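Input: a single structure, listed below in C-alpha cells.
The values are calculated or read from the model by the stated rules, or taken from the named source; none is laboratory data. Worth saying up front: this structure is predicted, and the values here are computed from it rather than measured. Note that each Cβ is placed from the backbone with ideal geometry, even for glycine, and that neighbours are counted across all protein chains shown.
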Amino acid sequence: MKIIRSNDVTQLLSFQEAIQLMKQCFIDYENKKISQNIRTVATLPDGEGKNIFAVMPAYLGKDRYFGAKVITAFPGNRSLGIPSHLGEVLLFDSKNGSPVALIDANAITWIRTAAVSALATDYLAKKDVRKLTLIGAGQQAESHLAAITCIRDICEVLVYDLSEERRRHFINKAKKQYPQITFISCTSVQEAVHQSDIICTLTSAKEPFLRKEWISPDAHINAIGTFTPDTRELTSELMGAGQLFVDDYAAAFQESGDLLIPIAEKKLDETAVVGSLGELAAGKVKTKIDRSKITIFDAVGLAVEDLCCAEYIYQKSEENLI
Ligand SMILES: NC(=O)c1ccc[n+]([C@@H]2O[C@H](COP(=O)([O-])OP(=O)(O)OC[C@H]3O[C@@H](n4cnc5c(N)ncnc54)[C@H](O)[C@@H]3O)[C@@H](O)[C@H]2O)c1
C-alpha cells in the first residue's frame, strides 16, 4: 500500500485544482453519484472535554474508490508546535475492495476546506470585492488566503487572532508570499470585519464572537471553525440576518452549532437555510441569491471532499511515479 505524506499532497494538489475538484465533488454529491455516512465524532474521555476523534467514511462509486478519513482535532496542539488536525485518509479500490493508499489527512483537510470555502465564495460573494478578513490565524487562515485569492482579486487582508503572536507570525509570513497584498493586523474582531467584503471565521472558539452590527450589509461570511452542535462563531442575530447556505443539509442539521443553537433558541427557523453548496454547484438553488444582503456559508466539512481529494492525489501520484 502506498503512503503519501504531507509534502507530496501539497505538491500534487494545488488550490486551483482543488477548487475545480470540489466543484465536481459537490455536483456528484448533489446528483447522488457519490455518497457518505454522517461521521462519528467522539469527544475523547481524557478529561479535557475538547479533543475530538472522528471517522468519516465516503463512497465514490463502483469504478472509483471509497474509504475513510480518520482524524483527531486537538485545539491545544498549536502550543506544542504541531497541527490541531492529525490523521490519515485510507483509500480502497472499489473494483476489489483492496486498500491502495494511506494519505496524510492534515494536508488534505488544509487544502480541501479552503477550496470548498473559495467555491462557495465564488457563488455567493460579489464579483468586484477586494477586502478579505481572516479571524483565527492558524493553519486554515493560510489555506483560505491561498484559495480565496484564486477566485477574487484581493488587495487588503485584515487579520485577527486571540493570540497576538500567531497574528504577527501569520502576517509576517503572508507579506513575503503575497507582496501585492496589504495586510492589516487588527486588535479586535470588530476592527477586522469593518467594511470587509469576505469574512472567514477560522477559530476553535466555543462562544460566538461575530456580530451583525459590525458587518457590511452585503458581506459574505464563510463560517468554518466550529463543527459540533454546542460550539459556534456567529451570533444568533447574525445567523437570522443572513441568507444561509450549508455544505450539506443532513450534516449541518446534525453538527452545526451555528445553526442548531439559534434554532433551539427559536431565533432561527429551519427553513432559513436557502441552499446547499451541491445545489449551488449543480445550478439547482431556486431562491435568487440576493447579493445586497449578507450571505453566510456554514461548513462542517464532509467525507466526500476528503475522498475525492484522496482519489485525485493517489491517481496523480501513480501517473507521476511518486
Ligand atoms: N469546517 C471544516 O470543514 C473544518 C475543517 C478544518 C478545520 N476546521 C476547524 O477550523 C478551526 C481552525 O482550524 P486550524 O487548523 O486553522 O486551527 P489552528 O489551531 O491552527 O488555528 C486556530 C486559531 O484560532 C485562534 N482562536 C481561537 N479562538 C479564537 C477567537 N475566539 N477569536 C480569534 N481567534 C481565535 C487560535 O488562537 C488559533 O490561532 C478549528 O476549530 C478546526 O477544527 C473546520
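Please specify each residue of segment 226-258 satisfying the condition of being more than 22 Å from Ala73 (Cα to Cα) and polar (S, T, N, Q). First the steps, then the outcome.
Here is the first cut: in segment 226-258, the residues more than 22 Å from Ala73 (Cα to Cα) are 235-245, 249.
Listed by number, the residues that qualify are Thr235, Ser236, Gln243.
Go through segment 76-130 and count every residue that is touching a Lys or Arg at 6+ places or on another chain (Cβ under 7 Å) and among the acidic types (Asp, Glu).
Total meeting the criteria: 1.
Identify the single condition in (1) within 16 Å of the ligand (Cβ to nearest atom); (2) closer than 19 Å to Asp247 by Cβ; (3) at pLDDT 95 or above; (4) not aromatic (Phe, Trp, Tyr) that Ile38 does not satisfy, given that it satisfies every other one.
(3)
Per-residue answers, yes or no, for (1) part of a helix (DSSP H, G or I); (2) within 24 Å of Ile289 (Cβ to Cβ); (3) more than 14 Å from the ligand (Cβ to nearest atom):
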residue	(1), (2), (3)
Val116	yes, yes, no
Tyr123	yes, yes, yes
Leu134	no, yes, no
Ala137	no, no, no
Ala141	yes, no, no
Ala147	yes, yes, no
Leu158	no, no, no
Arg167	yes, no, no
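Mind checking whether some residue in segment 259-282 is in contact with a helix residue (DSSP H, G or I) (Cβ under 9 Å, 6 or more places away or on another chain), free of Cβ contacts under 8 Å to residues at least 12 places away in the same chain and either part of a helix (DSSP H, G or I) or within 21 Å of Leu244 (Cα to Cα) (or both)?
Yes, the conditions are met somewhere in segment 259-282.
Return the residues of segment 296-314 that are more than 21 Å from Asn7 (Cα to Cα) and either in a loop (DSSP other than H, G, I, E, B) or within 11 Å of the ligand (Cβ to nearest atom) (or both); say none if nothing qualifies.
Residues of segment 296-314 that are more than 21 Å from Asn7 (Cα to Cα), as a first pass: 296-304.
Within segment 296-314, Phe297, Asp298, Ala299, Val300, Gly301, Leu302, Ala303 qualify.
Please find, within segment 242-253, the residue that is farthest from Leu268 (Cα to Cα) out of those that are surrounded by fewer than 18 Cβ atoms within 10 Å (Cβ to Cβ) and in contact (Cβ under 8 Å) with a residue 24 or more places away in the chain. It would help to see each step written out before you state the result.
Within segment 242-253, the first condition is being surrounded by fewer than 18 Cβ atoms within 10 Å (Cβ to Cβ), and the residues that meet it are 249-250, 253.
Now narrow it down to the ones that are in contact (Cβ under 8 Å) with a residue 24 or more places away in the chain: 249-250.
On the way: Tyr249: 15, Ala250: 17 Å.
Only one residue tops the list, namely Ala250.
Would segment 129-147 turn up any residue that is buried (at least 18 other Cβ atoms within 10 Å of the Cβ) and among the basic types (Lys, Arg)?
So far as segment 129-147 goes, yes, one or more of its residues are buried (at least 18 other Cβ atoms within 10 Å of the Cβ) and among the basic types (Lys, Arg).
Given (1) crowded, with 16+ Cβ neighbours inside 10 Å; (2) within 20 Å of Met1 (Cβ to Cβ); (3) not charged (D, E, K, R), identify the lone condition not met by Val55.
(1)
Examine segment 84-97 for a residue that is closer than 20 Å to Thr203 by Cβ, at pLDDT below 95 and outside any strand (DSSP E or B), and state whether such a residue exists.
So far as segment 84-97 goes, yes, one or more of its residues are closer than 20 Å to Thr203 by Cβ, at pLDDT below 95 and outside any strand (DSSP E or B).
Given the conditions (1) farther than 21 Å from Val300 by Cβ; (2) surrounded by fewer than 24 Cβ atoms within 10 Å (Cβ to Cβ), report the number of the one that Val157 does not fulfil.
The one condition Val157 does not meet is (2).
Do the conditions hold for Pro57, that is, is it part of a strand (DSSP E or B), modelled with pLDDT of 95 or more and more than 17 Å from Ala299 (Cα to Cα)? Reasoning before the result, please.
Details: part of a strand (DSSP E or B): yes; modelled with pLDDT of 95 or more: yes; more than 17 Å from Ala299 (Cα to Cα): yes.
Taking the combined requirement at face value, the residue satisfies it.
Out of segment 241-258, which residues are more than 16 Å from the ligand (Cβ to nearest atom) and part of a helix (DSSP H, G or I)?
Our first condition is that a residue be more than 16 Å from the ligand (Cβ to nearest atom); within segment 241-258, this holds for 241-243.
The answer is Ala241, and nothing else.
Spot the failing condition for Ile103; the list is (1) among the β-branched types (Val, Ile, Thr); (2) under 26 Å from Ser216 (Cα atoms); (3) more than 9 Å from the ligand (Cβ to nearest atom); (4) not in a loop (DSSP other than H, G, I, E, B), and only one is missed.
(2) is the only condition that Ile103 fails.
Condition first: within 16 Å of the ligand (Cβ to nearest atom), among the aliphatic types (A, V, I, L, M) and within 22 Å of the chain's Cα centre (by Cα). Now tell me which residues in segment 170-205 satisfy that.
Ile171, Ala174, Val189, Ala192, Val193, Ile199, Leu202, Ala205
For Val129, which of the numbered conditions (1) under 29 Å from Asp63 (Cβ atoms); (2) aliphatic (A, V, I, L, M); (3) in contact (Cβ under 8 Å) with a residue 60 or more places away in the chain fails to hold?
Single failed check for Val129: (1).
Do any residues in segment 180-207 that are closer than 13 Å to Asp161 by Cβ have Cβ atoms under 6 Å from those of residues that are within 12 Å of the ligand (Cβ to nearest atom) and modelled with pLDDT under 95, where the two are at least six apart or on different chains, and which pairs are they?
Listed by first residue and then by second, the contacts come to Ser204/Pro75.
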